[in-house]
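Only one structure is covered here, and it is reproduced in the block below.
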Amino acid sequence: MGEKIHLVVNGAEVDTEVEPRLLLAHFLRDVCNLTGTHVGCDTTSCGACTVVMNGKAVKSCTLFTVQANDARILTVEGLANLGDGKLHPLQEGFHMEHGLQCGFCTPGMEMTAYAFLTKTQDPNPTEEEIRWAISGNLCRCTGYMNIVKAIRYAAQKMYAAQPAPVERPTAVAPVTAPQQEPERVPVRVQGGGE
Ligand code: FES
Ligand code: FES
């Protein structure tokens, strides 16, 4: 016997019945056909299944669909639509900064980053803040450096009011040789009175 649920998924109202044991990740993939949400571990470890629920990043393999009743869900497909037919700044950032290789972790990374950036609205998040935000998402290929760069790219594009601080080397005063006093030559003035 199914349970009635009502959700808003990427802006679309969904009214249906689901088995109480159906995980949100499987509901999105198998019922809504939104296969951008990946399932990597099914044990809350990898973050590939992350979606944004009511503004917060959640691991959809860890929630039953009935627990998301009446929630607003945003998946990576919805993220693309927010960009008015263009790539969302996060997607553009991952492209421009080479933040992916196989791409398996990418939807989850982007949704986690989306929840982080829309909460902080900071155009210049620090590397430490970004790494902390994505600490529940694992990438087995890329390493995290370019992912951090991609998220900083998006932060700038989404909220840039001020330019990102640029690290400059500490200024060192130029060393110059001490100036020599010019040699004074006595000047004899001729025909000068007494
Ligand atoms: S599939 Fe959900 S955390 Fe890995
Ligand atoms: S790009 Fe392959 S797992 Fe992250």
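The values are calculated or read from the model by the stated rules, or taken from the named source; none is laboratory data. Everything numeric in this text was worked out from a predicted model, so none of it was measured. Using ideal geometry, Cβ is built from the backbone for each residue, glycine included, and neighbour counts are taken over all protein chains shown. The area values use the complete protein model at the heavy-atom level, side chains included, leaving out ligands, DNA and RNA. Shrake-Rupley method; radii C 1.70, N 1.55, O 1.52, S 1.80 Å.
A few points about this structure:
- Of the residues screened, E97 is not one that is touching a residue at least 12 places away in the same chain (Cβ under 8 Å), within 13 Å of ligand 2 (Cβ to nearest atom) and buried (at least 21 other Cβ atoms within 10 Å of the Cβ).
- Scoring P89 on the criteria (1) closer than 17 Å to L74 by Cβ; (2) open to solvent by less than 10 Å² (accessible area, probe 1.4 Å); (3) out of contact with any strand residue (DSSP E or B) (no Cβ under 9 Å at 6 or more places or on another chain) leaves a single failure, condition (2).
- Qualifying residue in segment 26-37 (condition: under 17 Å from F116 (Cβ atoms), within 16 Å of ligand 2 (Cβ to nearest atom) and touching a helix residue (DSSP H, G or I) at 6+ places or on another chain (Cβ under 7 Å)): no
- Of all residues making up segment 10-25, the number that are outside any strand (DSSP E or B) and in contact with a helix residue (DSSP H, G or I) (Cβ under 8 Å, 6 or more places away or on another chain): 5
- Screening segment 44-60 for residues that are in contact with a Ser or Thr (Cβ under 9 Å, 6 or more places away or on another chain) and assigned to a loop (DSSP other than H, G, I, E, B) and picking the one that is nearest to ligand 2 (Cβ to nearest atom) gives A48.
One line per residue, one yes/no per condition, for (1) over 17 Å from F104 (Cα atoms); (2) more than 7 Å from ligand 1 (Cβ to nearest atom); (3) free of Cβ contacts under 8 Å to residues at least 40 places away in the same chain:
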{"site": "G36", "(1), (2), (3)": "no, yes, no"}
{"site": "G47", "(1), (2), (3)": "no, no, no"}
{"site": "G55", "(1), (2), (3)": "yes, yes, no"}
{"site": "V66", "(1), (2), (3)": "yes, yes, no"}
{"site": "A80", "(1), (2), (3)": "no, yes, yes"}
{"site": "L87", "(1), (2), (3)": "yes, yes, yes"}
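- Of the candidates L117, L7, the single residue that is outside any strand (DSSP E or B) and surrounded by 14 or more Cβ atoms within 10 Å (Cβ to Cβ) is L117.
- Tally, over segment 120-154, of residues that are crowded, with 17+ Cβ neighbours inside 10 Å, within 16 Å of ligand 1 (Cβ to nearest atom) and either free of Cβ contacts under 8 Å to residues at least 12 places away in the same chain or hydrophobic (A, V, I, L, M, F, W, C) (or both): 4
- When E110 is tested against (1) away from ligand 1 (no atom under 16 Å from the Cβ); (2) acidic (D, E); (3) in contact with a helix residue (DSSP H, G or I) (Cβ under 7 Å, 6 or more places away or on another chain); (4) closer than 27 Å to D42 by Cα, exactly one condition is not met: (1).
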